[in-house]
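Worksheet: the structure to be examined is printed underneath.
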Amino acid sequence: MGTSLGIRVQAVNKSFGRGEARTAVLKQTTFSAETGRLTMLVGPSGCGKTTLLSIIAGTLHADDGEIEVLGQRLDQMKSNAVAKFRAKNLGFIFQQFNLIPTLTAAENVSVPLVIQGHPYRYAEKKARDALAWVDLADHANFRPAKMSGGQLQRVAIARALVHDPQVILCDEPTSSLDSENGQQVMELLRKAAAQRDRMVLVVTHDNRTYRFADRMAEMEDGRILRVLDTQEEIRMHHPLGE
Amino acid sequence: MIRIALKMLFGDRGKYLMLISGITFATLLMAQGMSLFCGLMSWTFSTMRNVRVPIWVADPQVEQCNDNKPMRDTDTTRVRSVDGVAWAVPFFQNLSMARMQDGTSKMITLIGLDNNTLIGAPTKIIAGRLEDLRMPNTVIIDDFGVQRFSESRDHLIGVGDVFEINDREARIVAICETHRSFTGGPYVFTTYDRAVQYAPGQRKMLSFVLAAPQEGVSAEELARRIAAQTGLAAFTHSEFAWSTIMWYIRNTGIPINVGTIVIIGFIIGAVISGQTFYSFVLENTRHFAALRAMGASSGELTAMLLAQAFLVGFIGYGTGLGFVSVLGINLLKLGKVPFLLLWQIPAVVGIAVMVIVAISAVIGIARIVRLEPAIVFR
């Protein structure tokens, strides 16, 4: 399967706070990720992983620098255009699942299609197909409160994939899960990354999942310290998945 | 997106019911207060509603129809002499005491109608005959009078029964339907001469002159002519009714009391709904942020919040208005409480409820529009 540049982040700075309380989180950060691969962004807590992910997702503005996703310069687009771009091209998996508790699993999964303006019936049919893909066809009518953490994250994966986006952005997808469920979720993400020209970017500090990465960017103190481009390199630097 | 919004709302049953309760309560308080106010105001000119004539002529100092500044008897002929008057008749109105055969006394509004024409006589006679009023010592009482005069009796008072007004016999020859008087006493109709005899003697006894314009002359024009030529105050029916209402608004605490109820209703509705809706938005902030991260625009999120707020508004408004209607029907059956639900009241309350709902929605929208979708990654 061929790869092409899906994400390019060039010399991005991002600070929070004002005056003396101002803290620089990203410092001239440069990063890239290709399609057809599962890329992991790893590093200790507070190193700026989630901030970088938010900027790539277009949900947070960088102070400066260039952000290009699938050939589109997000930093030059207006917020409504970014929202439309996200709706069409990005799928999200959040640490806290962020499923709407009053909707069933199928309804939650159908949300990205509804946002794109598809009819409910079509959206729900596609949602049921997506749930079947994550092996939760029989849970389509369950509400989140009736499901386990592993099941909830699989529903979130179905929601991230239902509109067939090219980029899947995952924020600590396994941190709320036990080891077994975490492995299942990562296997699903790897399966998703292997399809067509899709790319999956996983932000994590869960070293149990490192073996699923095709490529890994290590981050510290707002900068990318090292990029491990192959599974061999990853295994070499993190032999026990550490 | 609207469907998702409504499912989010219906799913949070506690807040959904709280929101509806707030709007229902506000609607109930506002509509009930306004209906009571309109009912009370309609009672202030009940005499005019019972005695429907085109023009009322009164002493120049009279501002409202329950005011009694007697005129000279000759004022009737002065009014008759004005060009364009079709007819003009004397009219007596006074608060008197009726004494029942068991010795109990009841306050009444005594009405004296022109002896010959009986102009202004009640139109709905439910027992007896109007013409019998021409017989000596006869009166017509209203249906409220039947209840009031029967309070200490073992059966209802009716046609043929007798009571006293100022020690003079009053024999009931008919029962009629009337609009309830503001003073709370029943209406007792008799002829002008007999009413003057019943009432305590004064130098001047004529309360009003009732008049009508000839064909081709408007009531407004004739009222102006009568006022100009006689120096008396002359009002059309509608002018006198409004003058009466405005007098009560200016000179009594009714508008302040009822206005307070209405304002409290509005504030309670706004506070309960605004606070509950804001709390609903706060609790769902992460979900709204997730929707935004997934590509929902600010416009779509705004539409979701508006749909949630206005649906709650419509349901609460409908429920509240239903309660007011049921309450009103039962109050009217009791007949002792002024209640008038004009079509304007639901319209005004509807606008007030929509303002409450809009305030609630705007508070939520202000938060959601400023929402940083990146919070979903925290």
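Might you check whether a residue that is charged (D, E, K, R) and over 24 Å from B:P70 (Cβ atoms) occurs anywhere in the stretch B:111-130? Yes. Taking the condition of being over 16 Å from B:A5 (Cβ atoms) and hydrophobic (A, V, I, L, M, F, W, C), how many residues in the stretch A:114-134 meet it? Final tally of qualifying residues: 6. Given the structure, is B:I172 in contact with an Asp or Glu (Cβ under 9 Å, 6 or more places away or on another chain), aliphatic (A, V, I, L, M) and over 30 Å from B:T27 (Cβ atoms)? When the stated conditions are applied, B:I172 passes them. I'd like the full set of residues that are touching a residue at least 24 places away in the same chain (Cβ under 8 Å), within 10 Å of chain B (Cβ to nearest Cβ) and within 13 Å of A:L131 (Cα to Cα), limited to the stretch A:99-110. Result: A:T104, A:N108, A:S110.
Yes/no per residue for (1) surrounded by fewer than 22 Cβ atoms within 10 Å (Cβ to Cβ); (2) touching a helix residue (DSSP H, G or I) at 6+ places or on another chain (Cβ under 6 Å); (3) of a type in the set (K, R):
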site	(1), (2), (3)
A:M186	no, yes, no
A:K191	yes, no, yes
A:T204	no, no, no
A:R211	yes, no, yes
A:Q231	yes, no, no
A:M236	yes, no, no
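Return yes when A:P173 is of a type outside the set (S, T, Y) and modelled with pLDDT under 85 and no when it is not. The answer is yes for A:P173. Counting only strands (runs of 3 or more DSSP E) wholly contained in the stretch A:1-113, the ones carrying 3 or more residues that are closer than 30 Å to A:S148 by Cβ occupy A:38-42, A:90-93.
If you go through the stretch A:170-181 one residue at a time, do you hit one that is away from chain B (no Cβ under 14 Å), closer than 30 Å to A:E124 by Cα, crowded, with 22+ Cβ neighbours inside 10 Å and of a type in the set (S, T, N, Q)? Yes - at least one qualifying residue is present in the stretch A:170-181. Checking each residue in the stretch A:114-127 for being within 11 Å of chain B (Cβ to nearest Cβ) and part of a helix (DSSP H, G or I) picks out A:V114, A:I115, A:Y120, A:A123, A:E124. B:R370 meets all of the listed conditions (1) surrounded by 15 or more Cβ atoms within 10 Å (Cβ to Cβ); (2) under 30 Å from A:Q96 (Cα atoms); (3) at pLDDT below 80 but one, namely (1). Selection of first residues in the stretch B:87-99 that are under 13 Å from B:N66 (Cα atoms) and touching a residue at least 40 places away in the same chain (Cβ under 8 Å) and of second residues that are in a strand (DSSP E or B) and among the aliphatic types (A, V, I, L, M), restricted to Cβ pairs under 6 Å at least 6 apart or on distinct chains, gives the following pairs, ordered by first then second residue: B:F91/B:L210; B:Q93/B:I111; B:N94/B:L110. Every listed requirement among (1) of a type in the set (G, A, S); (2) away from chain A (no Cβ under 14 Å); (3) surrounded by 15 or more Cβ atoms within 10 Å (Cβ to Cβ) is met by B:A5 save one, (2). Exactly one residue out of B:A223, B:A227, B:A212 is touching a strand residue (DSSP E or B) at 6+ places or on another chain (Cβ under 7 Å), part of a helix (DSSP H, G or I), hydrophobic (A, V, I, L, M, F, W, C) and surrounded by fewer than 20 Cβ atoms within 10 Å (Cβ to Cβ): that is B:A227. Just for the stretch B:230-241: of the residues that are among the small types (G, A, S) and surrounded by fewer than 20 Cβ atoms within 10 Å (Cβ to Cβ), which one is farthest from B:R49 (Cα to Cα)? The residue in question is B:G231. Flag: A:V12 does not match the condition of being within 17 Å of the chain's Cα centre (by Cα) and either charged (D, E, K, R) or on the phi < 0 side of the Ramachandran plot (or both). The residue pairs whose first member lies in the stretch B:151-178 and is farther than 17 Å from B:A199 by Cα, whose second member is in a loop (DSSP other than H, G, I, E, B) and of a type in the set (D, E, K, R), and whose beta carbons are closer than 7 Å, counting only pairs six or more residues apart or on different chains, are B:S152/B:D102; B:I172/B:D161; B:V173/B:R129; B:A174/B:R129; B:C176/B:K124; B:E177/B:K124. For A:F92, indicate whether it is within 30 Å of A:H139 (Cβ to Cβ), among the aromatic types (F, W, Y) and within 9 Å of chain B (Cβ to nearest Cβ). Considered against the rule, which asks whether it is within 30 Å of A:H139 (Cβ to Cβ), among the aromatic types (F, W, Y) and within 9 Å of chain B (Cβ to nearest Cβ), A:F92 comes out as yes. Residue check: is B:S207 more than 14 Å from every other protein chain (Cβ to nearest Cβ), of a type outside the set (A, V, I, L, M, F, W, C), under 30 Å from B:R194 (Cα atoms) and within 24 Å of the chain's Cα centre (by Cα)? Criteria not met by B:S207.
Does any residue of the stretch B:343-358 turn out to be of a type outside the set (A, V, I, L, M) and modelled with pLDDT under 85? No, that holds for no residue.
Of the residues making up the stretch B:148-165, those that are in contact with an Asp or Glu (Cβ under 8 Å, 6 or more places away or on another chain) and either part of a loop (DSSP other than H, G, I, E, B) or not assigned by TED's automatic domain parsing to the domain that holds B:S105 (or both) number 2.
I'm trying to understand the selection: among the residues of the stretch B:8-35, which are among the aromatic types (F, W, Y), more than 9 Å from every other protein chain (Cβ to nearest Cβ) and over 32 Å from the mean Cα position of the chain (by Cα)? Answer for the stretch B:8-35, where residues must be among the aromatic types (F, W, Y), more than 9 Å from every other protein chain (Cβ to nearest Cβ) and over 32 Å from the mean Cα position of the chain (by Cα): just B:Y16. Within the span defined as the stretch B:303-323, every residue fails to be more than 30 Å from B:I2 (Cβ to Cβ) and of a type outside the set (G, A, S). Being among the polar types (S, T, N, Q), more than 26 Å from A:T29 (Cα to Cα) and part of a helix (DSSP H, G or I) is a description that applies to A:Q184.
Conditions (1) hydrophobic (A, V, I, L, M, F, W, C); (2) within 24 Å of A:A213 (Cα to Cα); (3) crowded, with 16+ Cβ neighbours inside 10 Å, marked per residue:
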| position | (1), (2), (3) |
| --- | --- |
| A:I7 | yes, yes, yes |
| A:Q10 | no, yes, no |
| A:R18 | no, no, no |
| A:R22 | no, no, no |
| A:F31 | yes, yes, yes |
| A:K49 | no, yes, yes |
| A:T59 | no, no, yes |
| A:A81 | yes, no, no |
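Screening the stretch B:251-365 for helices (runs of 4 or more DSSP H) wholly inside it with 1 or more residues that are more than 14 Å from chain A (Cβ to nearest Cβ) and farther than 30 Å from B:Q147 by Cβ returns the ranges B:254-283, B:298-334.
Candidates in the stretch A:51-66 are the residues that are of a type in the set (A, V, I, L, M, F, W, C) and touching a Lys or Arg at 6+ places or on another chain (Cβ under 7 Å); of these, the one that is farthest from the other protein chains (Cβ to nearest Cβ) is A:A62.
The values are calculated or read from the model by the stated rules, or taken from the named source; none is laboratory data. None of the values given here were measured: they were computed from a predicted structure. With ideal geometry, Cβ positions are generated from the backbone for all residues, glycine too; neighbour counts draw on all protein chains shown.
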